[in-house]
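For reference, the structure is listed below as structure tokens.
The values are calculated or read from the model by the stated rules, or taken from the named source; none is laboratory data. All of these numbers come straight from a predicted model, not from anything done at the bench. Cβ placement follows ideal geometry from the backbone for every residue including glycine, while neighbour counts extend to all protein chains displayed.
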Amino acid sequence: MTKDILILAIESSCDETAAAVVRNGREVLSNIIFSQIELHKLYGGVVPEIASRKHIEKMNQVIEEALATAGVTLEEIDAIGVTYGPGLVGALLVGVAEAKAISFAAKKPLVGVHHIEGHVSANYIDNQDLKPPFLCLIVSGGHSHLVLVKDYGEYEIIGRTRDDAAGEAFDKVARAIGLGYPGGPKIDKLSKEGNKYAIAFPRAHIEGAPYDFSFSGLKSAVLNHLNSCEMKKEEVNRADVAASFQEAVIDALVSKTMLAAKDYHMKQVAIAGGVAANSSLLEAMAEACRKHGYKFYHPSKILCTDNAAMIGAAAYFEYIKGVRAGLDLNAVPNLKIGER
């Protein structure tokens, strides 16, 4: 009988302090998240210094709670997994330092995890039948990638954003129409009250790069529309603006994903990252996959946003391949997917 592998995972790349215990890469025994959203709302976005200080304050607490909730001791843990990039450098350093300290004191192997590979791996938790190869659309506040998942831990980026990430565009447009932070959930909610065909916002097509995204022109088009309404003394229908903007983003994400799946002969399509929690995007992607005959996978909402369970899943697949990090592991804020 094969021994179960327990990973204690730590995530602190942005404004969530999180720890989890994951068994065999797919079973979550605990997933503790301390969110700083209410704190950063005061500033209209994440303040790196404040995020780092709050991570220091909460890190031991979430780790202790994760172990207690899972009903395991540190002695029973097989390895420590930790996000070491990409992300805010100060925030990453808190998690990396904590993981290295535990690894050294408890004499447990250390596994460094790429944050975006963690998002992809969230799909393994909620979809026990999902195995590579598959195509994954990763959409978050900092990333918009189309990635071929060739094997566990083996990735090829075939498309990426040339400017703003999808989540970043959501936040900027939400701020422009007075919704505040965080923008994604607020636009998703308001869009349900609007007409998504009310305003013909543009979709970017990049010559020679059919799978790449660009959202800066769309963001500018929204701002121009708002300025035009103000100059003409016309009332802005915020719900229509939100719905039309969101439709333009979703159209770009879904159409390029379907094109890539067709061109690369992928029968499985997955989605990951914070924007993957958007209800309209999920509906549109599910419908497109049904129409084209692809099997569609997505994580549950709690596993779309930053969490440590996804880091534990990614760390497990690295661990069983023999990947280990030394105590010289450092934060790499601009770490590229597939890099080690």
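Within region 319-339, if we keep just the residues that are over 19 Å from the mean Cα position of the chain (by Cα) and farther than 14 Å from residue 108 by Cβ, the residue that is surrounded by the most Cβ atoms within 10 Å (Cβ to Cβ) turns out to be 323. The condition of being in contact with a Ser or Thr (Cβ under 8 Å, 6 or more places away or on another chain) and among the acidic types (Asp, Glu) does not hold for residue 76.
Of all residues in region 113-146, those satisfying the criterion of being modelled with pLDDT of 95 or more and of a type in the set (Ser, Thr, Tyr) are 121, 124. Residues in region 222-247 that are aliphatic (A, V, I, L, M) and either outside the structural domain of residue 283 (by TED's automatic domain parsing) or part of a helix (DSSP H, G or I) (or both): 222, 223, 226, 231, 239, 241, 242, 243. Of the strands (runs of 3 or more DSSP E) contained entirely in region 102-163, those carrying at least 1 residues that are assigned by TED's automatic domain parsing to the domain that holds residue 88 and either of a type in the set (Gly, Ala, Ser) or over 14 Å from residue 271 (Cα atoms) (or both) fall at 110-114.
Quick check on residue 94: is it under 22 Å from residue 305 (Cβ atoms), in contact (Cβ under 8 Å) with a residue 24 or more places away in the chain, out of contact with any Phe, Trp or Tyr (no Cβ under 9 Å at 6 or more places or on another chain) and outside the structural domain of residue 210 (by TED's automatic domain parsing)? For residue 94, the condition - under 22 Å from residue 305 (Cβ atoms), in contact (Cβ under 8 Å) with a residue 24 or more places away in the chain, out of contact with any Phe, Trp or Tyr (no Cβ under 9 Å at 6 or more places or on another chain) and outside the structural domain of residue 210 (by TED's automatic domain parsing) - is met. Here residue 88 fulfils each of the conditions (1) touching a strand residue (DSSP E or B) at 6+ places or on another chain (Cβ under 9 Å); (2) buried (at least 20 other Cβ atoms within 10 Å of the Cβ) apart from (1). Note on region 288-308: residues that are in a helix (DSSP H, G or I) and in contact with an Asp or Glu (Cβ under 9 Å, 6 or more places away or on another chain) amount to 1.
Taking the condition more than 26 Å from residue 37 (Cα to Cα), within 22 Å of the chain's Cα centre (by Cα) and aliphatic (A, V, I, L, M), does residue 310 pass?
Taking the combined requirement at face value, the residue does not satisfy it.
Please work out if residue 66 is of a type outside the set (D, E, K, R) and part of a helix (DSSP H, G or I).
Yes; evaluated as a whole, the condition is true for this residue.
In region 25-43, how many are surrounded by 14 or more Cβ atoms within 10 Å (Cβ to Cβ) and either modelled with pLDDT under 85 or in a helix (DSSP H, G or I) (or both)? Qualifying residue count for the region: 3.
Being hydroxyl-bearing (Ser, Thr, Tyr), out of contact with any strand residue (DSSP E or B) (no Cβ under 6 Å at 6 or more places or on another chain) and touching a residue at least 24 places away in the same chain (Cβ under 8 Å) is a property that residue 52 has.
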